[in-house]
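> After the structure tokens below, expect a handful of questions from me.
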Amino acid sequence: MSRPLAGRTALVTGGGGPGMGSAHCHALASAGAHVIVQDVRQAEADAVVGSLRASGGKAESMIGDIADLDRFLPRVRERLTGRGVIDIVVHHAGISGRNTPFESIDAAFFDRMFAVHVRATFFLTQLLVPAMKAQRWGRIVLIASDFALAGSPAASHYTAAKAALLGLTKAWAKEFAPWQICVNAVAPTLMRSELTLASVGPAFIEAEAAKAPMGRLPTPEEVAAVVAFLASPAASAVTGQTISPGAGRTIVGG
């Protein structure tokens, strides 16, 4: 089996999630990466680490709230000091918009949405990039949403936060390109993931699947396969791009 990421270390934020989070971890581990499973939930992160190790992968957990930068970033810095560069980061951690109408979004919910999706992504990347520059290799994958491409009712704060990630993708791709650091976004559509089930419920997801061009929605494993490709040496010329594995629901480009 090909292991193009052997010798690389990948950090997956929100990696303890039962849907895409754990799928990203398994895809990267299958490609040979040592995976750091970050999550705010100890039991979930440890379960993913155990599963990865049971299948022959290398993994460890990192527990903490990524939005609590004063506590979380020192843990990452300590990990870098003790065990070296983190070559790949997948910014997957997120919170649900909870199907919230515009008038019901208060300042605290808005700020939390941007703290988790944008602020944490920005400053965690800022901490990791110097080591990537020093070795002239790195992969940064931001998990956005097709909401950021096509809009969505009753989720404007979530949509705006995910759209900010697309802007960071383009800016960082150009800024980090001289060091051969590739930065890309993956914008999945609705699927049976932890966040979408919490937001809209299973009945809505089934109805949307029936309307999709392919007659179905993607699986977390299909999205994770795109992430693993973008993290691999095969994607060495791919940067600044947004890919939407959405079974045809949203077409990127024009």
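Throughout, read-outs are computed from the coordinates displayed, never taken from laboratory work. Fair warning: this is a prediction, and the values are worked out from it, not measured in the lab. A quick note on method: Cβ atoms are made from the backbone with ideal geometry, for glycine too, and the neighbour counts reach across all protein chains shown.
> 7 Å from Cα along Cα→Cβ at both Gln135 and Lys211: what's the point-to-point distance in nm?
With each label placed 7 Å out from Cα toward Cβ, I get 4.5 nm.
> How far apart, in nanometres, would the label points at Ser236 and Ser51 be if each is projected 7 angstrom from Cα along the Cα-to-Cβ direction?
Going from the Ser236 label point to the Ser51 one covers 3.3 nm.
> What is the P(r) of the chain, as percent of Cα-Cα pairs per 5 Å bin from 0?
Final binned percentages: 1, 6, 14, 19, 21, 18, 12, 6, 2, 0, 0.
> Working out 0.36 nm times the residue gap between Ala6 and Ser104, then minus their Cα-Cα distance, what length gain in nm do you get to one decimal?
Taking Ala6 through Ser104 to full extension adds about 30.6 nm, to one decimal.
> Still on this model: Based only on other Cβ atoms within 10 Å, what is the fewest-to-most ordering of Phe204, Phe114?
The order, fewest Cβ neighbours first, is Phe204, Phe114.
> Okay, next question. What translational diffusion coefficient, in µm²/s and rounded to a whole number, does the Stokes-Einstein relation yield for segment 68-135 at 10 °C and a viscosity of 1.306 mPa s, taking the hydrodynamic radius as the Kirkwood radius over Cα pairs?
Translational D for this selection: 115 µm²/s.
> Then there's this: Tell me what the chain gives for mean residue ellipticity at 222 nm when only DSSP H runs of n ≥ 4 count, each as -39,500 (n - 2.57), the sum divided by the residue total, rounded to 500 deg cm²/dmol.
-14000 deg cm²/dmol
> A further question on this structure: For Gly253, what is the net charge nearby, where nearby means another residue's Cβ is under 15 Å from its Cβ and Lys, Arg count +1, Asp, Glu -1?
Counting the neighbours of Gly253, the net charge comes to +1.
> Please identify, among Ala207, Ala198, Ala144, the residue showing maximal mean-square fluctuation in a Gaussian network model of the chain using a 10 angstrom Cα cutoff.
Ala207
> Sticking with this structure for a sec: Could you list the square roots of 5 times each eigenvalue of the Cα gyration tensor of segment 163-209, that is, the equivalent ellipsoid semi-axes, sorted largest first and rounded to whole Å?
The equivalent ellipsoid of segment 163-209 has semi-axes of 33, 9, 8 Å.
> Moving to a separate point now. For the chain, what is the relative contact order in percent, using Cα pairs closer than 8 Å and at least 6 residues apart in sequence?
Relative contact order here is 20 percent.
> Compute and list, largest first, the equivalent-ellipsoid semi-axes of segment 128-254 from the alpha carbon gyration tensor, each √(5λ) rounded to a whole angstrom.
Semi-axes from the Cα gyration tensor: 29, 15, 12 Å.
> For the chain, what is the charge dipole size about the Cα centre, in debye to the nearest 20, if Lys and Arg each add +1 at the Cβ and Asp and Glu each add -1 at the Cβ?
The dipole of the chain has a size of about 740 debye.
> Follow-up question, since we're still on this one. Greater than 30 Å separation of Cα atoms is the criterion. Which listed pairs, Lys174/Lys211; Lys58/Lys211; Lys58/Lys133, meet it?
Lys174/Lys211; Lys58/Lys211
> Taking the Cβ of each residue in Asp39, Asp68 as the centre, tally the other Cβ atoms inside 10 Å and list the residues starting with the fewest.
Fewest-to-most Cβ neighbours within 10 Å comes out as Asp68, Asp39.
> Also, I was wondering about something else. What angle, in degrees between 0 and 90 and rounded to the nearest 10, separates the Cα long axis of helix 42-54 from the longest principal axis of the Cα atoms of the chain?
Roughly 60 degrees between the two axes.
> Could I ask something else about it? So how strong a dipole does segment 181-229 carry about its Cα centre when Lys and Arg Cβ are +1 and Asp and Glu Cβ are -1, to the nearest 20 debye?
So the magnitude is around 100 debye.
> Could I ask something else about it? Tell me which residues come under 5 Å, amide H to amide H, from Asn99 once H is placed; ignore anything under 5 positions away on its chain.
none
> What ranking of Ile251, Ile143, Ile205 emerges when the number of other C-beta atoms within 10 Å of each C-beta is taken as an exposure proxy, fewest first?
Fewest-to-most ranking of Ile251, Ile143, Ile205: Ile251, Ile205, Ile143.
> I've got another one for you. HN-Hα J couplings of segment 160-165 from phi, Karplus 6.51/-1.76/1.60, θ = phi - 60°, integer Hz, Gly and Pro as x?
So the J values, rounded to whole Hz, are 5, 5, 5, 5, 4, 5.
> Find the centroid of the Cα atoms in segment 130-166 and in segment 87-125, then give the distance between the two in whole Å.
10
> Give the share of C-alpha pairs in each 10 angstrom bin for segment 1-97, from 0 to the last occupied bin, in whole percents, shortest bins first.
18, 52, 27, 3, 0
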